[in-house]
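Some notes on the structure that comes next.
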Amino acid sequence: MKLKRINSTNTILWRYFTFFAFGVIAVIALVCYGILGNAVLSQAKRRVGAVGNDMLETVNDADIPLSVLEQKITDYALLDGVDVFIFDADGGLKMPNITITEGKLVSVHDDLVAKLGVWQNGRTVEFNSRSGGRTTFNFAACVTLNDGEQCKLLVRFPVSHIAESVRQMEIYVLLVALCAFVIAFLISYSLANKLSGPIREISGTAQKLAEGNYEVQFNSVQYSEIAKLSDTLNYMKDEIKKSDDFQKELLANVTHDLKTPLTMIKAYASMIKEISGDDPVKREKHLDVIIDEADRLTGLVNDILSTSKITAGLEQLNKKVFNLTELLYGVINKFSYLQETQGYSIMVDVDAELYTLADEEQIYQVIYNLVSNAVNYTGEDKTVYVSLKYDAERQRIKFAVRDTGKGIAEEELAHIWDRYYRSKDSHLRPVKGTGLGLNIVKIILLKHGFTFGVNTKEGAGSTFYIDFPSA
Ligand code: ADP
């Protein structure tokens, strides 16, 4: 496969800017080039025609004496650089009254005769002629002077000297275009550099991030798009870091949680093999422990799976009407081992037979997470208060779980529902947490559209509540 060569933004920007500047300057130069020469030449041509017509009018005016005609010819020659000649019938120069080197006007007169043909009063012709490398615009006419003589009028303007000025101007245009191009080239270089600078900066920072340095910060804020990209990348970096920390912590927790039952299973299996194999009572007891630990293992694996699914947003809502009271008792029973072994008490104030419409499995998870948090964070009295009450007026069911712990500080309150957020103090907890519990609660309750929240006071414990619809 042929690999496509990838250029840097800088090169691409520079190249396009330069092409663009070159294109614009080339078009302007070409237009100047074409228009300038043509405009000057057609202006000269028009002038020759105008002088020719003016001379015709003067000649045709019977009241104007020949001396005035002569004066006009001199004026045109001196002031406008336009030559006017009147030839008599024999080809001799009648006006102006000047001496020209013998033979110099012969070819001019021959040209004139060739263009005008047979003399006919009023016939006019305009033509270009070239002789000795000089181009001339000509206006010729057959005229009758007021002394009755039949003559030929010739008005001519050599364009070679204005062509020289035009060429000079064209060179200036070319030089200016070249300078403009060099300047555009330099400006486009610095502009391309300026535009691509922040992108290069971001790419360098991203490279460090890719190498695992989460301390980097995307600081480019030169343009709104780049500032937004920096913000997004900073957000992404924080999320990756959280996820990375979470994975490490989860792995540590999971390893610990899985190791304990596995060690127990191995220990009891060895005991059956070596000691209690022949004692049916002991063997039965040890086998029960193995079965219990295996069940715990299954439960753990399921919890980890559902946590992953919920946090990844893969779980769909499977709503149905179910008995919320029963579900709550099911959750409380899960904590009976703590009540029996570690002296915790869960005080219950629950109305019987309350039904709601929701995803039963997910609500179980929500209530489990809230009760386990209350157990984890309750005070020295190791007491947690759970209530489930029907509000007949609003037709709602209010669930609340209260602990007697330290409460939640004002600055922590905004973060407790965030993914991976865990309080800084290393509180000794009977149930291991991952910092996902309240985030899962939030995701599930938001999906259901249920109202929920927490009332807390530092030093006086916290009460988490949910408002369920009654079904
Ligand atoms: P975990 O309990 O695993 O740390 P959670 O998402 O359940 O994660 O809770 C996030 C944080 O919210 C906890 O680390 C703790 O700081 C705070 N928190 C949750 N429940 C309570 C509670 N009942 N009392 C005090 N703080 C709590």
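Just so you know, all these numbers are worked out from the coordinates, no wet-lab data involved. Small disclaimer: the values here were computed from a predicted structure and weren't measured. Positions of Cβ are generated from backbone atoms using ideal geometry, with glycine treated the same way; all protein chains shown enter the neighbour counts.
Excluding residue 240 itself, what net charge comes from residues whose Cβ is under 14 Å from its Cβ, given Lys and Arg +1 and Asp and Glu -1?
Once positives and negatives cancel, what remains is 0.
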Relative contact order (%) - criterion: Cα under 8 Å, at least six apart; region: the range 129-204: 20 percent
DSSP-defined beta bridges in the chain - what % are antiparallel, rounded to 5: 90 percent
Listed peptides 268-275, 356-363 by packing density, highest first (mean Cβ within 10 Å): 356-363, 268-275
The chain: angle of helix 106-116 to the longest principal axis, Cα-based, in degrees nearest 10: 70 degrees
Order of 151, 142 - criterion: other Cβ atoms within 10 Å of each residue's Cβ, fewest first: 142, 151
Calculated [θ] (222 nm, deg cm²/dmol) that DSSP helices of n ≥ 4 give over the chain, each run adding -39,500 (n - 2.57): -19500 deg cm²/dmol
Listed residue (373, 317, 344) projecting farthest to the positive dipole end of the range 316-469, Cβ model: 317
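Sort 202-212, 403-413 by packing, meaning the average of other beta carbons within 10 Å per residue, with the highest value first.
Details: 202-212: 12.9, 403-413: 16.2.
Order by mean packing, descending: 403-413, 202-212.
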Whole-Hz ³J(HN,Hα) from phi, Karplus 6.51 cos²θ - 1.76 cosθ + 1.60, for the range 261-271, glycine and proline x: x, 5, 5, 4, 4, 5, 4, 5, 5, 5, 5
With Cα atoms, 0 to 90° folded angle of helix 324-334 axis to the chain main axis: 70 degrees
In Hz, Karplus ³J(HN,Hα) per residue of the range 170-183 (6.51, -1.76, 1.60; θ = phi - 60°; x = Gly, Pro): 4, 5, 4, 4, 4, 5, 4, 4, 4, 4, 4, 5, 4, 5
Packing-based exposure ordering (other Cβ within 10 Å, fewest first) of 286, 256, 415: 256, 415, 286
Span from the the range 214-243 Cα centroid across to the the range 85-113 one, whole angstrom: 90 Å
Kirkwood hydrodynamic radius over Cα pairs of the range 217-314, then Stokes diffusion coefficient at 20 °C and 1.002 mPa s, in µm²/s: 124 µm²/s
Net dipole in debye of the chain [+1 Lys, Arg Cβ; -1 Asp, Glu Cβ; about Cα centre; nearest 20]: 1020 debye
Cα long-axis angle, helix 437-448 against the chain (0 to 90 degrees, to the nearest 10): 70 degrees
If the convex hull is drawn through the Cα atoms of the chain, its volume per residue in Å³: 363 Å³
Relative contact order (%) - the chain, alpha-carbon pairs under 8 angstrom, separation at least six: 10 percent
Dipole of the range 316-469 [Lys/Arg +1, Asp/Glu -1 at C-beta], most positive-end residue of 328, 441, 460: 441
Residue among 401, 197, 52 farthest towards the positive dipole end of the chain, charges placed on Cβ: 197
